[in-house]
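Okay, structure first, notes after.
The values are calculated or read from the model by the stated rules, or taken from the named source; none is laboratory data. Just so it is clear, the model here is predicted, and its values are computed rather than measured. For accessibility, only protein heavy atoms count, side chains too; no ligands or nucleic acids. Shrake-Rupley method; radii C 1.70, N 1.55, O 1.52, S 1.80 Å.
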Amino acid sequence: MSENPDQTARAGAELAATLRPGDVVLVSGELGAGKTTFVRGALRALGVSGPVTSPTFVVGHAYDGAGGPVSHLDLYRLAGMGDEDPGLLDPFFAPDAIAFVEWPEHAPGAWPADRVARRVHLAHAGGDRRTIAIA
């Protein structure tokens, strides 16, 4: 349970400490559940400085983390990748990149399935409170 956005970001940072290069983390939850806040905390823990915003309108952002490349994708607007170039997302999943994918249910199979290290689900629990389930 997270009581506020700072705790949600801290949960992301705690998860980041367990990740290795090449890992993919799928992050789901309804609009406003704190997905980007969670990912921002993880990216900060991985050494990303500067603004971390939702990549909703550009699909993804690539960053230089302290230990290598880090990617943050938001697949909300893709709603299935049938008409997209199959290689569109490949640069975000470089073999040494740690990648966070928001809204994975909108483009199933858009990431290397064998690299999924964690699945995170955030949900509203009233006010600023959120439940965070990590599998």
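Mind checking which of ALA42, ALA99, ALA113 has the largest fluctuation in a GNM of the chain, springs on alpha carbons under 10 Å? For the chain, modelled as a Gaussian network with Cα springs under 10 Å, the answer is ALA113. Each helix, a run of at least 4 DSSP H residues, gives -39500 (n - 2.57); summed and divided by the residues of the chain, these come to -5000 deg cm²/dmol at 222 nm.
What the chain shows is 50 Å² of accessible area per residue, with the surface traced by a 1.4 Å probe over protein heavy atoms. Taking the alpha carbon gyration tensor of segment 1-106, multiplying each eigenvalue by 5 and rooting it gives semi-axes of 21, 17, 11 Å, largest first. Considering only alpha-carbon pairs that sit under 8 angstrom and 6 or more positions apart, the relative contact order computed for the chain is 34 percent. Measuring nothing but protein heavy atoms, the accessible surface of the chain at 1.4 Å probe radius is 53 percent carbon and sulfur.
Gain on full extension, evaluated as 0.36 nm per residue between THR18 and ASP6 minus their Cα-Cα distance, stands at 2.4 nm. Give me the distance between the Cα centres of segment 19-35 and segment 88-135, rounded to whole Å. That distance is 3 Å. Where both bridge residues fall in the chain, DSSP classifies roughly 45% of the beta bridges as antiparallel.
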